[in-house]
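Notes for the one structure printed next.
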Amino acid sequence: MSDDRHILLVSHTGRRDSIDAAVEVCDLLHAAGVTPVMPFDEYADIRRAEASVGKVDILGVDVQLEDLEIVIVLGGDGTILRAAELARGTHAPLVGVNLGHVGFLAESERDGLGETVQRALSGDYNVEERVALQVDVVVGNEVVYSSWALNEATIEKASRERMLEVVTEVDGRPLSSFGCDGVVVSTPTGSTAYSFSGGGPIVWPNVDAILMVPLSAHALFSRPIVVGPDCVLAIEVLRRTSGVGVLWCDGRRTHDLPPGARVEVRRSPEPVRVARLKDAPFTDRLVAKFQLPVAGWRGPQHDDEETGGDR
């Protein structure tokens, strides 16, 4: 192997266990003859923590985004979302090692770190493309802000004591207006995150769809809806709203929404690429991550003699 390979390492450098894991990954990459790539701020954090990672190339200085082969992420879902932001616009897939709590986006756990690095080095993974969202804020007839989201775009009230008055729209037709705490527009990937907390359904990641979930809506019709991937959803902040709203994309990128602002959300032409190490069903991931009770399940047994008696 040679230094012509560029593997980006993104880690949660605010935690000592993540710094230790980053040092371990760097050691494994060096042993394979590959110089790891890191964002400068994370490299500086690790150095301040008096940890040694050896020779490192700095992203944007020594190595450019388009040169990346794969991104190894150490942390929870928030760190993976940050890595997706860093790698946006490249073909490099993300592979996450969970050092957080749930870590729904992660592909392996801390005890599988060495195997994850080796499989990244050998190219032993499948790449899965996840739906992302294109998000535009329109004021008047002008797009004043554009962003994207892997999990969700959330339109929220900016003041705790006031409701946000909105009207929702699907493909250019009004659906319903109501006062609320906010509205979540989610991808299937994000259906286990904020959307789920707001009462939305879990959607399998291989389903092409977009979800819209009202948050604490004062309305007779305020159910979550699921639409096709080519639909365009819009949320308008009504002019009678007192104060302003705020848009959040993946909880990382934000923009204020004055009364009259319109947020349009559609499928992004640029998906997020995720490296998959396992072919385990999504159902198994749900059970493991949410610790769902499945005791007593015996599966589709068809012959009592094979199962040892009555079911």
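Tabulated values for the structure
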item: Semi-axis lengths (Å, descending) of the ellipsoid that matches the C-alpha gyration tensor of the stretch 210-253; result: 20, 17, 11
item: The stretch 35-75: GluC sites (Glu not before Pro) in DSSP coil with no more than 10 other Cβ atoms inside 10 Å; result: 50
item: Accessible area in square angstrom per residue, the chain, 1.4 angstrom probe; result: 48 Å²
item: Alpha-carbon centroid distance for the pair the stretch 248-270 / the stretch 28-107, whole angstrom; result: 27 Å
item: Within the chain, helix-based [θ] at 222 nm, where runs of 4 or more DSSP H residues each add -39,500 (n - 2.57), nearest 500; result: -5500 deg cm²/dmol
item: Calculated from backbone phi, Karplus (6.51, -1.76, 1.60) coupling profile of the stretch 283-290 in Hz, x at Gly/Pro; result: 4, 5, 5, 4, 4, 5, 6, 9
item: Within the chain: Cβ-based charge dipole about Cα centre, in debye rounded to nearest 20 (Lys, Arg +1; Asp, Glu -1); result: 1140 debye
item: Beta bridge orientation in the chain: antiparallel %, DSSP, nearest 5; result: 75 percent
item: Carbon and sulfur %, accessible surface of the chain computed with the full protein complex present, 1.4 Å; result: 49 percent
item: Counting DSSP beta bridges with both ends in the stretch 1-132, the antiparallel % (nearest 5); result: 0 percent
item: GNM result for the chain, Cα springs below 10 Å: residue of 161, 128, 115 fluctuating most strongly; result: 161
item: Over the stretch 1-46, equivalent-ellipsoid semi-axes from the Cα gyration tensor in Å; result: 20, 11, 6
item: Computed over the stretch 164-311, the ratio Rg/Rh where both radii use C-alpha atoms and Rh is Kirkwood; result: 1.12
item: Computed Rg/Rh of the stretch 76-207, alpha carbon atoms with Kirkwood Rh; result: 1.04
item: Cut-off under 5 Å, modelled amide H: who pairs with residue 70 long-range; result: 8
item: Calculated P(r) of the chain - Cα pairs past 30 Å, %; result: 42 percent
item: The stretch 7-141, relative contact order [Cα under 8 Å, separation at least 6], %; result: 22 percent
item: Hz values of 3J(HN,Hα) by residue in the stretch 235-242 - Karplus curve (6.51, -1.76, 1.60), Gly and Pro given as x; result: 10, 9, 7, 5, 5, 6, 5, 8
item: Diffusion coefficient, µm² s⁻¹, Stokes-Einstein with Kirkwood Rh over alpha-carbon pairs of the stretch 89-159 at 4 °C and 1.567 mPa s; result: 84 µm²/s
item: Tensor-based shape of the stretch 1-120 (alpha-carbon gyration tensor, a/c under 1.5 rounded, otherwise prolate or oblate); result: rounded
item: Phi-based couplings in Hz for the stretch 112-124 (Karplus 6.51, -1.76, 1.60; Gly and Pro marked x); result: x, 4, x, 5, 4, 5, 5, 6, 5, 5, 8, x, 8
item: Accessible surface of residue 79 - all protein chains present, 1.4 Å probe, nearest 10 Å²; result: 10 Å²
item: For the chain, built as a Gaussian network whose Cα springs stay under 10 Å, the top-fluctuating residue of 213, 184, 56; result: 56
item: Most to least accessible of 298, 119, 47 (protein chains only, probe 1.4 Å); result: 47, 298, 119
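The values are calculated or read from the model by the stated rules, or taken from the named source; none is laboratory data. Computed from a predicted model, the values in this text were never measured in an experiment. We place every Cβ from the backbone using ideal geometry, glycine too, and count neighbours over all the protein chains shown. Quick note on the areas: whole protein, heavy atoms, side chains included, nothing else; ligands and nucleic acids left out. Shrake-Rupley method; radii C 1.70, N 1.55, O 1.52, S 1.80 Å.
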